[in-house]
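Before any comments, here is the structure.
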Amino acid sequence: MSSKRIGLPRSLFFYSHLPFWQTFWSELGHEVIVSPLTNKDMLDRGISNSVTDLCVPVKIFHGHISYLIDQQVDALFVPRMVDVGTNDTFCPKFLALPEMIRCSFSDMPVLIAQRVDVRGRLHLFKLCSELQREWASGSGVWTPFKKARTAQTQYETELTSGKLPHEAWPAFAWSNSFKEETLIFTREPALTIAVLGYPYSVYDSFINSDVIKKLRRLGVNVVTAEMIPLEKRNQYRLSKDLFWHYSNNVVKSGMYWLDQGVTGIIHITNFACGPDAMAGKMLELLCKQHGKPLLTLTLDEQTGQIGINTRIEAFVDMLQRRFRYAHNLSLHG
């Protein structure tokens, strides 16, 4: 089979799994087209091509799909995410993404929408074998699979070492990141804030108005859920786990970072996201138990930078004043 142009939207679950799939398709001999970082044009495309009651990350996903269609790719890789081996699932919008994309775009390339329901490495290998037989029948699958696993493992190792996605994988790179992350000043005492949320909200610098960069420029040490090794995060269990994969990660990460003594937590959430609301309430209760401040930033397509900037700066100043002068006062009434 001749080489094809395979489009990967840099959005949603690809913030977790892009290294694996980008490497896998490349090693099969195809040209991989990854959509660029989210921008205003992407958001506008997504809004115009999706229904109004979707959360903004799914609208942005539609925008990335629209961009890739304009690039005349031969196929779009939009798998149906069911289970990635953690015994939980994804929200209904994730489960229905292939159907949503088919209904939203009348003229589009082939949609590769295999079901990702892997309960171990063998299941993932079988999935890759299916894709190889359909899209690269003249080549083997073991070498692409092994290289993809290596790329994914290296990416996750980089994240747990304290790096952000744009520092751990080239396709996530921010422009002028070094200049933008230069500290304005250092804070005494040092503040450590856990920025938690679904990865496509925490790391999409357009929709969240560069929250992480702003905190770094304010002299804050930022930690995220992806910086926690999987085995450490899995040591924290809820009395009953939530149904949703990313929601469980957010709550367990909150438990971990609170035990590590972070100064406070910022929860980035999405308007009209039911699982997000559940995870946010559980974070609120955890912060109350530990006597730690919590700031919730709710995002939608109308969110403006000025409001976020004001809330972040006020939150950081409040943390510093409390740390110095009022550490024994309750934050939750």
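Can you list residues from other chains, or at least 5 along the same chain, whose modelled amide H is less than 5 Å from the amide H of Arg80? Result for Arg80 returns Gln114, Arg115, Val116. Subtracting the Cα-Cα distance of Arg321 and Asp300 from 0.36 nm times their residue separation leaves 4.5 nm of extension gain.
Cross-link partners of Lys288 among lysines, defined as those whose alpha carbon lies under 17 angstrom from its own and excluding same-chain residues fewer than eight positions apart: Lys252.
Fewest Cβ neighbours within 10 Å first, please rank Tyr67, Tyr198 accordingly. Display every interim value, and only then the final one.
Numbers: Tyr67 22, Tyr198 29.
Going from sparsest to densest Cβ surroundings: Tyr67, Tyr198.
Computed per residue of the chain from DSSP H runs no shorter than four, each worth -39500 (n - 2.57), the mean residue ellipticity at 222 nm is -14500 deg cm²/dmol. State the label only: which of (1) 57, 55, 45; (2) 68, 66, 35; (3) 68, 40, 36 corresponds to Cα extents along the principal axes in Å computed from the shown model? Label of the calculated value: (3).
Treating only the Cα positions of segment 5-158 as identical point scatterers, give the base-10 log of I(q)/I(0) from the Debye formula at each q in 0.18, 0.20 Å⁻¹. Values returned for q = 0.18, 0.20 Å⁻¹ are -1.13, -1.37.
Here the 3J(HN,Hα) profile of segment 153-170, calculated from phi with Karplus coefficients 6.51, -1.76 and 1.60 at θ = phi - 60°, is 5, 4, 4, 5, 5, 4, 5, 6, 7, x, 8, 9, x, 5, 8, 9, 8, x Hz, Gly and Pro shown as x.
Amide H to amide H distances under 5 Å link Gly219 with Ile184, Phe185, where only residues 5 or more positions off or on other chains count and H is placed in the peptide plane.
Between Asp70 and Ala272, the distance separating the two model label sites (each 7 Å from Cα on the Cα→Cβ line) works out to 2.3 nm.
For segment 23-36, putting each phi into the Karplus relation 6.51 cos²θ - 1.76 cosθ + 1.60 with θ = phi - 60° gives couplings of 5, 4, 5, 5, 5, 6, x, 9, 8, 9, 9, 9, 4, x Hz, in residue order, rounded to whole numbers and with x for Gly and Pro.
Less than 5 angstrom separates the built amide H of Thr89 from those of Trp244, His245, all sequence-distant by 5 or more or on a different chain. Can you give me the Cα centroid spacing of segment 121-135 and segment 3-62 in angstrom? Cα centroid of segment 121-135 versus Cα centroid of segment 3-62: 21 Å apart.
Taking 0.36 nm per residue of sequence separation and removing the Cα-Cα distance, the Ser3/Lys146 pair yields an extension gain of 49.4 nm.
Please pull out the direction-averaged projected area of segment 174-325, using the convex hull of its alpha-carbon atoms, in nm² to one decimal place. If you can, show how the numbers build up before the last one.
Working: hull surface 37.2 nm².
So the mean shadow area of the Cα hull is 9.3 nm².
For segment 5-31, the residues whose backbone nitrogen is under 17 Å from a point 7 Å from the Cα of Phe105, taken along Cα to Cβ, are 5-14, 31. A simple rule links phi to the HN-Hα coupling: the Karplus curve 6.51 cos²θ - 1.76 cosθ + 1.60 with θ = phi - 60°, which for segment 284-298 gives 4, 5, 5, 5, 5, 4, 8, x, 10, x, 10, 10, 9, 10, 9 Hz, with x for Gly and Pro.
Read-outs: derived from the displayed coordinates by stated rules, not from any lab. The structure presented is a predicted model; accordingly, all values stated were derived computationally and were not measured. Ideal geometry is used to build each Cβ from the backbone, glycine not excepted, and the neighbour counts take in all protein chains shown.
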